[in-house]
Every structure is written in structure tokens, then in C-alpha cells.
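The values are calculated or read from the model by the stated rules, or taken from the named source; none is laboratory data. These numbers were taken from a predicted model, which means no experiment stands behind them. Cβ placement follows ideal geometry from the backbone for every residue including glycine, while neighbour counts extend to all protein chains displayed. We work out accessible area using only protein heavy atoms, side chains counted, and drop any ligands, DNA or RNA first. Shrake-Rupley method; radii C 1.70, N 1.55, O 1.52, S 1.80 Å.
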Amino acid sequence: MTRFALLLLLGCLLAPASLAQEGATAESKVEEGKPVQLANELDQFVRDAIDEGLLTPAGDVDAAPEEMVADRPGLPAGVRPRQAAPFPVEVDCDGQNPLDFGEFEAFDRYQQIYTFQEKARQQPGQGEELAGVELAKAYLALGLYSEAGMVLKSTPGPVATAYLKVSRLMENRTAVDVDYFQKLAECREEAGIWYGAALLASDRDAGVDVFGESINAFRKLPFRLRADLTAMVVPELDRRGERILPVKLLADFTPAQISDTTQLQFAKSIIDLGEQRPDAEKNLRRFLSEPQFQEQALAVLMRHGKPLNSVQEEILMGELMKKFGQTGDDRALAASLQYALQELSGSSNYQPIMELAGMPALQNEPAQKEIRRQFIKGLERDLTSDNRLRNLAALNALVSDPGILASAPERTKLYRSGASLSVRFGLVSMTRVLMKQDETDDAVIAELARLEFRAGDYDAVTNWAQAYPENAPLNLLAAQSAIRQGNLVGLRIYEDRMEMDPEAVLSLIELDAATNRWIVSDEIYAAAAALEDPLLRQRADRVFAMRSSARELAKPRKSKLAMGQVSSVLGQPSEQVTGGAH
């Protein structure tokens, strides 16, 4: 009823203008050619504006939630009314083909939609469902997929569902319902073309054969649908090295249609690049500046090993980073994301990669998987690089990781490599942070303890030895720390754990001598005395000599003699001594 009232009101508003034009019919015939040119320009303008997002398709019911709330005064402020449940997905295997565009084969101008709308309204007995479907088919035939989706969103029935699935497939913004098209193709051979397109759009290789077997159905589609479908599937076919089928698709268009249609020019540039034709790369690079084709153009150039120059890279990276933060179109971002990550990873620029991982538009498994893959690829390269700057960039990325590596199988290996590299550089604090992230090996722990020992942090060394009592290098360092601190009790504990290899024994007795504490146990000195190697024995003998001298010096000295005791010591009478004094 509301729909009828709106149409009646619109008719009343347009009636005076229609009557006024009747008197001007004769004048309009003088310039018959000009309206045709204007119509063509208007058609292209409308399509480009919708593609760029400058115009919003008519009938956007999602734009008025507040008005709906206003009609429901019983709802609290800010609470949206409950939406009706979506129509069940149905597959119509009876009757006529639900995806028949036969009567719209000649549709190629936006102005034709008005003629069709008038004709549809004049058909008696036509139900609301059929009227909505026919209008949506007209929009689809003209490539106005968003408008078709808006019409079909509120139209029930299996036929409407079929066209709604097609509109969403052609918009190429969300995951395709491959199962639906498979069921439809099983009972409708003509739907094979859409099943093949859905498979290719979902990155499934089976789409090549399915689409190729339905080439005749492709030729029966309206021009705009064929052009857009060609631009959609040719990049996917190129990815799989398919060269014949893209040529067959393009052969369905005249040279004039190809030169006048951006989608077909894009497809042709990809085909030419695959055939290594002159100027093919130059023609494809033009599409890097067009948002509609930017991602696919990037993907094709990357596949064919065609690098961008530094100026193009800088401009494009800026545009892509802005787009990642704004758009919610996950599928459209795939190629751009791959390129951006490849460039960032290749230059060891990890901070933007970590920022991308947190962007709302990239919170989906394919995007996160690609971010993780490129992040790991860069880390593995830079952690083993001879370039010190790349090493440090990788270490900083590991320390700053916001969780990209949380579920990665390579996590432990990367953190162990990072800790090993960090301790080799003498970065104690960074090594400690990296070791807290995951398990580390004994060699890194021992090396870190060695750095801490050199820095005089003996308590830290002792803590490591207590945590890893079976680690021989740690026990030696802990024993040495105890010598430095004069901790006799601790020294005995770590001596008992030590392996009595010659170097460990000599290091203890030499440090004992250097500190002049002489608190190393006799068992250790006995082990040093038993060394047979001449060089090692020479080192041990020097310590033994120092130890003997220290013991002699440590003996109490004899007290001084009084004058009365001198004679008894010398064995002479005291008088003689006294007399001698005079």
C-alpha cells in the first residue's frame, strides 16, 4: 500500500513536466543525435560513480534505522527494532530457468531502466514478487549489482534468491555461496556458468573446467554482465596459467566494445601480458591507479615478476595503508595486502605489518594468515642475515609482536633464534624479554648467565643455576660467582654439581688465587694436582706456588724479644751484653 502511494505521488509530481514537454516535441527532433550521446555519457558516469562509492544505490533500506525507531515509541533510545528473519535459501529445480536473461540481452544503457519500469507497471496481474525480480534483472543486466541487491533483499521466493546470489557474486565483496550455485547447477545446466564463476571467485581450481563447459551460456548474457564477468574471472584464470579460455571470452566482444569498456581493456591487458605482447605491461600498469582494478592488477604484475619503480611503490603503499584502515571489503584487499606485506617484509619494515594485523578490515582468517606468513618469512631471513640492521629489526619485531606469532608453529624456533642472536650481541635485557616469550635452549641460558657474570650480577647467575641444576656451565658460573662473593656455603653446593673437567677445575683455582680468597675445596685442588697435561700442569703449579706463599704469609709471626731475653737466646751472659752497651 505504501509503495502504491509513493508511486501515485511521484506520478502527480511528474505529470506537469510531462504535459509541458508535449509542446516541445517538434523542437526536440532537431537535435536527435545529441540526446543519444548525452545518454551514453550519463550511463558511464552513473556506473563509475557507483563503482567509486560516490553514489549510493537507490532503495538503501539500511540507511534509516533511526526513522524505524521513531515509529516505535515503546523502544528505548538507541535500541533498534528487531529485524525480520531472512528468507530461507531455496533452489528452484522446477519450471523455467530462474537465471534467464533472454529478454534483457539488448540492455546496455541506464536510460532503458525507465522504459522497463513503465512497462512492468502496465502489465496487469503481475505480483509484487515478479515485479521486484524483473526490476532486479534489469539492474543486473546493466551491471548495477548493488541496486539489484537492494530490490531483492525484500523480495521472497526462490527466483529472487537466485538473482540475489548472482548480485552478491558480481559485487565480489563477500564470500560467495558456492554450495548454493552447486545445487542450482545440479538441476539447472544453464546455471553452470555461475557455479564456475563462484568456484573461481572462491579460489578453487575446479572453476576452470566448470566455467569452460558453460561458455555457451556465457554468450547469452547481457553485455554488461559478460564484460564484468570477464573482468572477474580472467585474473583467476591467469593465476592458474590458463591461456585459452580467457581468449575465448574476449573473442565474444567486438574490437569497439573492448576499446570502449574499461573492464574488457583490463582483461585484455592481462591476456596480452600472459602472451608477452609488447606494451602489455605498460597497459596493465595503468590500472594501478584505478581502485576497482588496483588489487588484481597488482596480483598479476607480482605473478609475472614485474616490479614497480620506487616512486610507484611509495605512492601505492600510502594508498594501500589508508585503504586497509578504511574499507571492510576483505576479498578486494587480498592482492593489495599481499603486495604491501611483501614490500614491507622485504625491506624489514615490521612496524606497519604489526599495525595491519590490528586493523578491523583485516580481522579475517585469510588476511591474518597472509600477515603471519610474510611476518615469519621476514623474521627467518633477517635473523640469519649478515646485515646487522636487519638483525636488529627482527629482534625488535620479536619483542614488539602483538600476537601474530601466537599460533604459529615456527614461534619457538624464532624466539630461540632471536634470543641466541640477542645474547651474541650482548643485549642482556632484550635476551631476557625474548626468553620469557617461549622455551629457550641451555646454550642461550648459559651465554646469558656468562654476560650477567661479567656484569657482576652474581645473584642472577645463582638464580639460573638454581632453576637449571643439571646445566654444567651454569653450575661452574655459579661456583665462580660464589668465589667472587666469598660465599663458602654456596661454593660447596655448586662444586658438588660440577663435572671435574680440567678447564673447569683450573678456572676455579685460578679465580681463587686472583681473588686471594682461597676458599676452593681441597678436592678441587687435588683434581688440579692430578692433571697430567704439561701445559695444564704448568698453570696448576703456578696456582699451587701462590697458594703456598699465601699460606706462609698467613702464618702468625714470632713476637719481638725483650732485652732481658736476648742473652738467653744468644747463649751469652747478660752482664757482657749490658757491659757492651756501655
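Structure note, pairs Lys137/Lys282; Lys183/Lys248; Lys165/Lys268; Lys153/Lys282; Lys377/Lys436: Cα-Cα distances above 30 angstrom occur for Lys137/Lys282; Lys153/Lys282. Separation of the stretch 468-493 from the stretch 389-428 is 30 Å, based on Cα centroids. Ranked by solvent-accessible area (1.4 Å probe, protein heavy atoms only, all chains present), the residues Met500, Met302 order from largest to smallest as Met500, Met302. Normalised by the number of residues in the stretch 327-440, the mean separation of alpha-carbon contacts (under 8 Å, six or more apart) gives a relative contact order of 22 percent.
In terms of the mean number of neighbouring beta-carbon atoms within 10 Å, the peptides 533-545, 179-191 order highest first as 179-191, 533-545. Taking only the Cα atoms of the stretch 408-487, the radius of gyration and Dmax are 12.8, 47 Å.
All other residues with a Cβ under 9 Å from the Cβ of Ile483 taken together, and with Lys, Arg as +1 and Asp, Glu as -1, what is their net charge?
Working: positive: Arg484, Arg517; negative: Asp512.
In short, +1.
Length available on full extension from Ser400 to Asn387: 0.36 nm per residue minus the Cα-Cα distance, which gives 2.7 nm. Report the Stokes-Einstein translational diffusion coefficient (µm² s⁻¹, integer) for the stretch 193-250, Rh taken as the Kirkwood radius over Cα pairs, at 10 °C with viscosity 1.306 mPa s. Roughly 145 µm²/s, to the nearest whole number.
Shown here are the Rg and Dmax of the Cα trace of the stretch 490-539, at 10.5, 32 Å.
In the calculated pair-distance distribution of the stretch 454-514, the portion above 14 angstrom amounts to 48 percent of the Cα-Cα pairs.
Summing charges over neighbours of Phe453, with a neighbour being any other residue whose Cβ is under 14 Å away from its Cβ, gives -1 when K and R count +1 and D and E count -1. When Rg and the Kirkwood radius Rh are both evaluated on Cα atoms of the stretch 327-440, their ratio Rg/Rh stands at 0.99.
Each of Glu499 and Ala514 was given a label point 7 Å from its Cα along the Cα-to-Cβ line. The distance between the two points is 2.3 nm.
Once you list every other residue whose beta carbon is under 15 Å from the beta carbon of Ala545, what net charge do they have if Lys and Arg are +1 and Asp and Glu are -1?
Values: positive: Arg537, Arg539, Arg542, Arg547, Arg551; negative: Glu510, Asp512, Asp541, Glu552.
Residues close to Ala545 contribute a combined charge of +1.
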